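Colleague: First the structure, then my questions, so here it is.
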Amino acid sequence: MSFFIGPITGGLVAGAVYYSFSYSIETRTKDLQARFHNLNHQLNQPAVHGDPPAVNRVVYSPFREMLKRRWNEEVAAGFSAVQNFEVPWQRIQSTWEQVREKAKSVGQQ
């Protein structure tokens, strides 16, 4: 009798596993079909009133534009001044030599 119980139990277990996988695949397929149907419906329907385009939302302000332009001019002038800045090396060198000579003269006294 135990000779028949093993294969019968194995068949029942295999049937249960097959049924559970089959049911899982079937429910997922139905769920995906419903979701795809909803997405298709949403894509085919015209959009409901949305926000206006960004071009229409930008407000032109002459004062703001003037302020930006002046700010950019000042920043450009600052960078230009830094770029054109030159160190007067000749004057620094002559001043340094004078200081060194005075230090030597003080040290020799």
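Colleague: I'd like to verify a number: residues in the range 46-61 that are part of a helix (DSSP H, G or I) and either open to solvent by less than 90 Å² (accessible area, probe 1.4 Å) or touching a residue at least 12 places away in the same chain (Cβ under 8 Å) (or both), how many? Full working, then the answer.
Modeller: First, the residues of the range 46-61 that are part of a helix (DSSP H, G or I): 54-57.
With either open to solvent by less than 90 Å² (accessible area, probe 1.4 Å) or touching a residue at least 12 places away in the same chain (Cβ under 8 Å) (or both) added as a condition, the list becomes 54.
The total comes to 1.
Colleague: List every residue pair whose Cβ atoms sit under 9 Å apart, with the two residues 6 or more apart in sequence or on different chains, where the first one lies in the range 81-109 and is open to solvent by less than 80 Å² (accessible area, probe 1.4 Å) and of a type in the set (Phe, Trp, Tyr) and the second, anywhere, is modelled with pLDDT of 80 or more and part of a helix (DSSP H, G or I).
Modeller: none
The values are calculated or read from the model by the stated rules, or taken from the named source; none is laboratory data. Worth saying up front: this structure is predicted, and the values here are computed from it rather than measured. Glycine also receives a Cβ, built like all others from the backbone with ideal geometry; neighbour counts cover every protein chain displayed. Side chains are part of the model used for accessible areas, which takes the heavy atoms of the whole protein and leaves out ligands, DNA and RNA. Shrake-Rupley method; radii C 1.70, N 1.55, O 1.52, S 1.80 Å.
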